[in-house]
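Novice: My questions all concern the structure below.
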Amino acid sequence: MGCQYFDPCDNGADNFTIAIPRVTFGRGCLAEAGARARGLGMSRVALFTDRILRQGPYVASVLESLRKAGLDVAVFDEITIEADDDSVQRAAAFIAGGGFDGVVSVGGGSVMDTAKAAMLYGLHPVDDFLDYFAPPLGAGKAMPAALLPHLACPTTSGTGSECTSISVLRINHLQTKFVLANPVLMAQQALIDPACCASLPPMVVASTGFDLLCHALECYTAKAYTRWARVDDPAKRPLIQGANPWSDLAARKALEIVGEYLDRGVNDATDIEARDQLMWGASLAGMAFGNSGTHLGHALSYGVTHLMQDITTDGYAVASPFVPHGISVAVSAPAIFRYTAAAAPERHFEAAGYLQADLRGAAAEDSGEALAQRLIELMRKTGVPNGLTGVGFAPADVPALAASSARQVRAIANSPRETNLVDIENIYSAAMQY
Ligand SMILES: [Fe+2]
């Protein structure tokens, strides 16, 4: 079944490329930061974090380790919860004037994504911020062959940014997020210490958990890499290259982990096993989707964060309007997988099984509904808002949501089912409430 998914297609790709950093995982591994940074040749380090984390024990532990190793460290903490072009420009100025030979990031996706982009824009400035983004949004300007060595230390169990070549940035004048993707943006090493998740509020674990779930589910159900066009220049093989045997491997395990541990990890902060497993699952999902791309779940989330109004979320000290990334992905997910299952029913059936959906008496043609029901069950158990109405939208918003998300061209094309604007409108309409 798995092999058939990758059967050759006329003019389709016959190769795929995998990239992941050197990863260290385990409780207390932040204490290795100094030795790891020295091993990467660092002597003067730019440490990226946010203002809240800077006051806490994880940054203190990393700083102590870096200083014990004899490294000179300067801290940049002006990072907002949604990395945007303004905050990246400030971070880029910090890098440009600092005389650094390495970067350490300690934080969630925004911190790591800012660190990646700050090196790019600080060391290789461009006239227009969008120049490095792919057309039609930007000019698709070539990125340099190397940035500074980067040691990434995640403090949440969701984005997987420590394992990807992706930086997701909000472009303020366009009021939405777009993806910068290039192998040069990948950290050389990651220190993944699950002890960082001990103090996360339940809604943060739920949001980041659904982010990891959807990373894994979207890359497991993405269009096969053999159905993307072959590239003549290997350097131009895109990171969004479709599902492949590697992304299957990591996504499958990440789905099993989130199916087993999401409910426990959200609802019991003392459940160390569950929170450790979710941290590992997030990194696995990052290693998976970072080498395949996501599809409609993430593409349709950008319309939500573009057009959200007058909405706040428990557990986040952020002014309205704010819907955390994982929630913006989750609210449309049941409707999306009901829709995509028709194009790849066996894949959706397998994914539903990994997530512990109730498949008794079900056949492959029931897989969309089984998967949707399991997602809805997990959303209810973890307090995730019930569809788009749960984050402040109404049916009248559908055309604007669809027009906004339609700009995520490559992610939409990574869907296993060919999807047009009317399809997107229909999915949003079906995602209002479950
Ligand atoms: Fe995500």
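Novice: What does a probe at Arg51 reach in the range 307-348, counting residues whose amide N is under 14 Å from the point 7 Å along Cα→Cβ?
Specialist: Output list for this probe position: 317-319.
Novice: Using the eigenvalues of the Cα gyration tensor, what equivalent ellipsoid semi-axes result for the range 189-261 when each is taken as the square root of five times the eigenvalue, whole Å, largest first?
Specialist: The answer is 30, 15, 11 Å, longest axis first.
Novice: Ranked from highest to lowest mean number of other Cβ atoms within 10 Å per residue, what is the order of the peptides 358-366, 325-333, 302-310, 212-220?
Specialist: With the highest mean Cβ count within 10 Å placed first, the list reads 212-220, 325-333, 302-310, 358-366.
Novice: Please compute, over every Cα-Cα pair in the chain, the percentage with a separation greater than 35 angstrom.
Specialist: Taking all Cα-Cα pairs of the chain, the fraction more than 35 Å apart is 23 percent.
Novice: Using only DSSP helix segments of four residues or longer, with each worth -39500 (n - 2.57), what per-residue ellipticity at 222 nm results for the chain after dividing by its residue count and rounding to 500?
Specialist: Mean residue ellipticity, 222 nm, calculated: -13000 deg cm²/dmol.
Novice: Here is a follow-up. Give the long-range amide H neighbours of Ala243: residues separated by 5 or more places, or on another chain, with amide H under 5 Å away, using H modelled in the peptide plane at 1.01 Å from N.
Specialist: Here the answer is Ala222, Lys223, Ala224, Tyr225, since their amide H atoms fall under 5 Å of that of Ala243.
Novice: For the range 93-197, take the alpha-carbon Rg, divide it by the Kirkwood Rh, and send me Rg/Rh.
Specialist: 0.96
Novice: In addition: Within the range 268-360, what whole-number % of the accessible surface is contributed by carbon and sulfur, with the 1.4 Å probe and all protein chains included in the calculation?
Specialist: 51 percent
Novice: Return the long-range amide H neighbours of Met432 (sequence gap of 5 or more, or a different chain), with a cut-off of under 5 Å between placed amide H atoms.
Specialist: Leu388
Novice: Would you mind checking the radius of gyration and Dmax of the range 324-434 based on alpha-carbon positions, in Å?
Specialist: When restricted to Cα atoms, the range 324-434 yields Rg and Dmax of 13.9, 40 Å.
Novice: List every residue whose amide H lies under 5 Å from the amide H of Ile192, counting only residues 5 or more places away in sequence or on a different chain, with H placed 1.01 Å from N in the peptide plane.
Specialist: Thr24, Phe25, Gly26
Novice: Report, to the nearest whole %, how much of the accessible area of the range 59-153 belongs to carbon and sulfur atoms, 1.4 Å probe, protein only.
Specialist: Here carbon and sulfur together make up 51 percent of the probe-accessible area.
Novice: Between Asp263, Asp85, Asp77, where does the largest GNM mean-square fluctuation fall for the chain, given springs only between Cα atoms within less than 10 Å?
Specialist: So, out of Asp263, Asp85, Asp77, the one fluctuating most is Asp77.
Novice: Still on this model: If you take every DSSP beta bridge fully contained in the chain, what fraction is antiparallel? Give it as a percent rounded to 5.
Specialist: Roughly 25 percent of the DSSP beta bridges within the chain come out antiparallel.
Novice: So what are the ³J(HN,Hα) numbers for the range 184-199, from phi and the Karplus equation (6.51, -1.76, 1.60; θ = phi - 60°), rounded to whole Hz, Gly and Pro as x?
Specialist: My calculation for the range 184-199 gives 5, 7, 6, 5, 6, 9, 10, 10, 10, 10, x, 4, 5, 8, 4, 9 Hz in order.
Novice: Could you provide, to the nearest whole Å², the per residue accessible area of the chain with probe 1.4 Å?
Specialist: 38 Å²
Novice: Would you list the membrane-span-like helices of the chain, meaning whole DSSP H runs whose alpha-carbon atoms span at least 20 Å along their axis and whose mean Kyte-Doolittle value is at least 0.5?
Specialist: Correct list, ordered by number: 109-123, 202-221.
Novice: By average Cβ neighbour count within 10 Å, what is the ranking of 92-98, 274-280 from highest down?
Specialist: Peptide ranking by packing, descending: 274-280, 92-98.
Novice: Here's something else I'd like to know. Springs between alpha-carbon atoms under 10 Å, Gaussian network over the chain: tell me which of Gly158, Gly290, Gly39 tops the mean-square fluctuations.
Specialist: Result for the chain, Cα springs under 10 Å: Gly39 fluctuates most.
Novice: Of Lys141/Lys177; Lys177/Lys253; Lys141/Lys236; Lys68/Lys116; Lys223/Lys253, which ones are farther than 21 Å apart at the Cα?
Specialist: Beyond 21 Å: Lys177/Lys253; Lys68/Lys116.
Novice: So what are the three principal axis dimensions of the range 366-427 from its Cα atoms, in whole Å, longest to shortest?
Specialist: Result, largest extent first: 33, 29, 17 Å.
Novice: Let me check against my output: what whole-number percent is the relative contact order of the range 32-120, with C-alpha pairs under 8 Å and at least 6 apart?
Specialist: 40 percent
Novice: Then there is this: Counting pairs of alpha carbon atoms under 8 Å apart in space and at least six apart in sequence, what relative contact order in percent does the chain give?
Specialist: 15 percent
Novice: Taking just the alpha carbons, could you work out the radius of gyration and Dmax for the range 173-321, both in angstroms?
Specialist: Considering the range 173-321 through its Cα atoms, Rg and Dmax are 16.8, 52 Å.
The values are calculated or read from the model by the stated rules, or taken from the named source; none is laboratory data. Predicted, not measured: the structure shown is a model, and the values here were computed from it. Note: ideal-geometry Cβ built from the backbone for every residue, glycine included; neighbour counts use all protein chains shown. All accessible areas refer to the heavy atoms of the entire protein, side chains included, with ligands and DNA or RNA removed. Shrake-Rupley method; radii C 1.70, N 1.55, O 1.52, S 1.80 Å.
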